[in-house]
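Data block below; observations after.
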Amino acid sequence: MKCVLAGIGQAGGKLADALVQFDHQHGYDSVQDAIAINSAKTDLQSLAIDTVLIGQSHLKGHGVGGDNERAAELMEADLAEVQETIGNRITSQAESIILTTGLGGGTGSGATPVLARRLTAIYDIPVYVLAVLPSTEESNLAHVNAGRSLKTITNTADATLLIDNDAWRSTGESLSDGYETINQQIAKRIGLLLAAGEPIDGVAESVVDSSEVINTLQAGGMAAIGYNEVPAGESTEDNINTITAATRSAFFSGLSLTGDVAAESALLVITGEPDRISRKGVEKSRRWLEDETGSMQVRGGDFPRESDQIGALVVLGGVQQSDRIEGFFERAKEATAAPIETENDDAKMFQNDELDGL
Ligand code: GDP
């Protein structure tokens with residue numbers, strides 16, 4: 001799936017940069033172009049992609065700190081310039097626009113909803129947001145910022161792929177030490193998903209195309225992604241259980257949201273050498289995913305690549321229930337000192353009437 005990336009804020013810029021690197025290293029050519037947008041000049045300097053500094057006349061490149069309302073205003077004021085910079089990169093081949101951001105800060109948290117709203121109003125291709133939730137260790141301010149931003153983003157973007165900063169961190173590793181690892185993990189998963197939607201020569205039996213990725217995410221709202229890979233056996237027969245095990249691990253421990261998750265739709269992509277991928281294993285895994293997610297819409301396909309590993313990439317669209325998201329909104333509401341919902345009603349958790357949007 002051909003896409004144009006815009007990374008907003010420090011985390012957003014680093015993620016866009018990491019995605020471009022992954023795509024180029026593997027020669028997938030899914031990322032057509034990428035820019036990073038920030039109000040803090042220093043955060044843009046280390047990036048290899050093109051950059052746009054917003055709010056320059058007010059802040060002189062010094063950033064907004066944690067003030068996401070200010071970031072929203074400054075993005076609004078510079079929207080014409082940002083929109084043109086992105087528009088110049090969107091060719092007729094582009095099939096999606098992906099905004100990457102960390103929700104707990106100021107710039108990404110405030111500017112992303114404003115930009116997402118404008119881009120969805122202009123383009124027919126989907127606008128997805130890849131958004132990093134703050135770790136449970138982060139401050140109340142990070143949670144309030146993220147809660148308000150997420151509420152607006154999910155009402156605006158075509159889908160919001162959530163990444164939990166606690167999901168892929170090694171035990172004992174500090175959050176900032178873990179960022180680099182987490183960014184690589186995100187780049188690999190999203191990079192494989194985009195590449196899986198590309199047309200491929202020498203084709204597998206059941207190749208995924210972009211429309212399947214788009215249809216899986218069409219449920220809107222929040223989405224999650226998971227991946228796991230295991231050593232492949234020699235023959236397809238050897239790999240029936242390899243594929244089911246990789247799929248279950250991707251879902252249980254490789255997912256970008258920790259805890260139980262139920263979803264409206266799912267996509268399962270099996271990666272590996274085509275003559276080692278067992279159709280029986282793929283079918284079994286798909287049925288398993290249907291049962292586990294409660295979704296009848298589980299799409300699937302292969303992504304052929306030279307590797308002695310078999311990988312399972314799982315995308316969940318229209319996440320309807322997630323312990324992690326509920327816990328996160330609960331904390332965000334507590335931090336805004338708003339009355340907390342006492343009824344244990346999952347649907348209400350996702351409405352978040354107590355949180356103001358941006
Ligand atoms: P901004 O520049 O004001 O948008 O703020 P930052 O991007 O620095 O931080 C926003 C949030 O993103 C933080 O609360 C962290 O949760 C997260 N974060 C910061 N840097 C990284 C990073 O490199 N990787 C990941 N995965 N998360 C990050």
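The values are calculated or read from the model by the stated rules, or taken from the named source; none is laboratory data. All figures in this text were calculated on a predicted structure; none of them were measured in a lab. Virtual Cβ from ideal backbone geometry, glycine too; neighbours counted across all protein chains shown.
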### Query
Of Ser265, Ser256, which residue is closer than 21 Å to Arg148 by Cα and outside the structural domain of Leu162 (by TED's automatic domain parsing)?
Ser256
### Task
Tally the residues that are over 16 Å from Thr152 (Cβ atoms), more than 22 Å from the chain's Cα centre (by Cα) and away from the ligand (no atom under 13 Å from the Cβ), restricting the search to region 62-97.
9
#### Entry: Restricting region 80-99 to residues that are touching a residue at least 24 places away in the same chain (Cβ under 8 Å) and acidic (Asp, Glu), the residue that is surrounded by the fewest Cβ atoms within 10 Å (Cβ to Cβ)
Glu81
### Task
Working only within region 36-79, note down all residues that are surrounded by fewer than 22 Cβ atoms within 10 Å (Cβ to Cβ) and among the hydrophobic types (A, V, I, L, M, F, W, C).
Leu44, Leu47, Ala48, Ile49, Val52, Leu53, Leu59, Ala77, Leu79
### Message
Under 7 Å between Cβ atoms, which residue pairs at least 6 apart in sequence (or on different chains) link something in region 43-56 that is on the phi > 0 side of the Ramachandran plot with a partner that is at pLDDT 95 or above and more than 13 Å from the ligand (Cβ to nearest atom)?
### Response
Gly55/Asp78
### Task
With respect to Ala245, determine if the residue is touching a residue at least 12 places away in the same chain (Cβ under 8 Å), in the same structural domain as Thr100 (by TED's automatic domain parsing), outside any loop (DSSP other than H, G, I, E, B) and aliphatic (A, V, I, L, M).
no
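For (1) under 18 Å from Arg118 (Cβ atoms); (2) surrounded by fewer than 21 Cβ atoms within 10 Å (Cβ to Cβ), each residue gets a yes or a no:
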| site | (1), (2) |
| --- | --- |
| Ser135 | no, yes |
| His143 | no, no |
| Thr152 | yes, no |
| Asp164 | no, no |
### Task
Quick one: in region 1-31, of everything that is of a type in the set (Asp, Glu) and away from the ligand (no atom under 14 Å from the Cβ), which residue is surrounded by the fewest Cβ atoms within 10 Å (Cβ to Cβ)?
Asp29
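Out of everything in region 87-103 that is part of a loop (DSSP other than H, G, I, E, B) and hydrophobic (A, V, I, L, M, F, W, C), what residue ends up being farthest from Gln56 (Cα to Cα)?
Going through the qualifying residues, I end up with Ala94.
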### Task
Please enumerate the residues belonging to region 33-61 that are away from the ligand (no atom under 12 Å from the Cβ) and among the charged types (D, E, K, R).
Asp33, Asp50, Lys60
## Note on the structure
Considering region 319-354, residues that are buried (at least 21 other Cβ atoms within 10 Å of the Cβ) and outside any helix (DSSP H, G or I), and then whichever is modelled with the lowest pLDDT, we arrive at Ser322
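Conditions (1) surrounded by fewer than 17 Cβ atoms within 10 Å (Cβ to Cβ); (2) of a type in the set (A, V, I, L, M); (3) more than 26 Å from Glu234 (Cβ to Cβ), marked per residue:
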| residue | (1), (2), (3) |
| --- | --- |
| Ser249 | no, no, no |
| Phe252 | yes, no, yes |
| Gly259 | yes, no, yes |
| Ser265 | no, no, yes |
| Ile277 | no, yes, no |
| Glu292 | no, no, yes |
| Arg299 | no, no, yes |
